[in-house]
1. Tell me whether the range 152-162 contains one or more residues that are β-branched (Val, Ile, Thr) and under 23 Å from Val85 (Cα atoms).
2. Checking the condition more than 20 Å from Pro117 (Cα to Cα), at pLDDT 60 or above and not in a loop (DSSP other than H, G, I, E, B), which residue from Ser38, Ser64 passes?
3. Which residues, counting only those in the range 180-192, are more than 16 Å from Ala121 (Cβ to Cβ), among the charged types (D, E, K, R) and surrounded by fewer than 12 Cβ atoms within 10 Å (Cβ to Cβ)?
4. Just wondering, is there one or more residues in the range 98-105 that are surrounded by fewer than 16 Cβ atoms within 10 Å (Cβ to Cβ), more than 25 Å from Leu201 (Cα to Cα) and touching a residue at least 24 places away in the same chain (Cβ under 8 Å)?
5. Give just the number: which of (1) surrounded by fewer than 18 Cβ atoms within 10 Å (Cβ to Cβ); (2) within 16 Å of Gly33 (Cβ to Cβ); (3) acidic (Asp, Glu) does Asp114 not satisfy?
6. Scan the range 159-201 for residues that are assigned to a loop (DSSP other than H, G, I, E, B) and either touching a residue at least 12 places away in the same chain (Cβ under 8 Å) or among the charged types (D, E, K, R) (or both) and jot them down.
7. So which of Val138, Val195 ends up being of a type outside the set (Gly, Ala, Ser), exposed (fewer than 13 other Cβ atoms within 10 Å of the Cβ) and within 13 Å of the chain's Cα centre (by Cα)?
8. Inspect all residues belonging to the range 49-60 and state whether any of them is modelled with pLDDT under 90, of a type in the set (S, T, N, Q), surrounded by 12 or more Cβ atoms within 10 Å (Cβ to Cβ) and part of a strand (DSSP E or B).
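The values are calculated or read from the model by the stated rules, or taken from the named source; none is laboratory data. This structure is a prediction, so every number in the text was calculated from the model and none was measured. Ideal geometry is used to build each Cβ from the backbone, glycine not excepted, and the neighbour counts take in all protein chains shown.
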Amino acid sequence: MKTLKKLLGIVIFIALTTIAIAQTEQGNFLIGGSSNFSMGGGSSKAKTNDTEGDPTKFISFNLSPKGGIFVIDNFVVGASLPISVSRNKYDDYKVISSGIDFIPFARYYFLEGDFRPVAEAFFGFGFHGYKTVDDGDVETNNRVGVMFGLGGGVAYFINDKVSIDALLKYGFTRLSYTDMDDDYRTLDHEIGIEVGISVIL
């Protein structure tokens, strides 16, 4: 009986290990992404004597689909295509922005099992447009961005095909203003948490 239990345990272990490896084996495809939608308002808190500023209203939408292929076991390369739209309104002042980025990435899955640590690196570029409306006057400008960064976290496989991913990421972005004569640009450093879903086929 003990021998049978040991044999059964070995068979189960081999089966689970085989499934875990099959999730991220060479030749499989990864499809995934993350998105968020938010809207609301708040007070500017600017006051003069008993006068308080008008509330600021905003709405934003972000979608970031991604896809890749496992070139070797546990190592996937691909690209994401983040798309963003936002609108902020304060009294007669409005800012409307939209952007699209193309970001190649590489990700490695460590260990086996349901919870798998992952490490990721990315580098890409994008185009962002802005329109400002101030009491009827309209001004537009465009920005071209270059970005790169690193991230790490965990992928929780809820079955052999689908995982919920949570990564802590650091990113650097350089935005250049194409509508200005001088070399005006912004340099942004950002740390954030990205949560998404991945499907491996």
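1. no
2. Ser64
3. Asp181, Asp182, Asp183, Asp188 - these are the residues of the range 180-192 that are more than 16 Å from Ala121 (Cβ to Cβ), among the charged types (D, E, K, R) and surrounded by fewer than 12 Cβ atoms within 10 Å (Cβ to Cβ).
4. Looking through the range 98-105, at least one residue is surrounded by fewer than 16 Cβ atoms within 10 Å (Cβ to Cβ), more than 25 Å from Leu201 (Cα to Cα) and touching a residue at least 24 places away in the same chain (Cβ under 8 Å).
5. Only one criterion is unmet by Asp114, namely (2).
6. Once the filter is applied, which keeps residues that are assigned to a loop (DSSP other than H, G, I, E, B) and either touching a residue at least 12 places away in the same chain (Cβ under 8 Å) or among the charged types (D, E, K, R) (or both), the range 159-201 yields Asp160, Lys161, Thr178, Asp179, Met180, Asp181, Asp182, Asp183, Leu201.
7. Answer to the check: Val195.
8. So far as the range 49-60 goes, yes, one or more of its residues are modelled with pLDDT under 90, of a type in the set (S, T, N, Q), surrounded by 12 or more Cβ atoms within 10 Å (Cβ to Cβ) and part of a strand (DSSP E or B).
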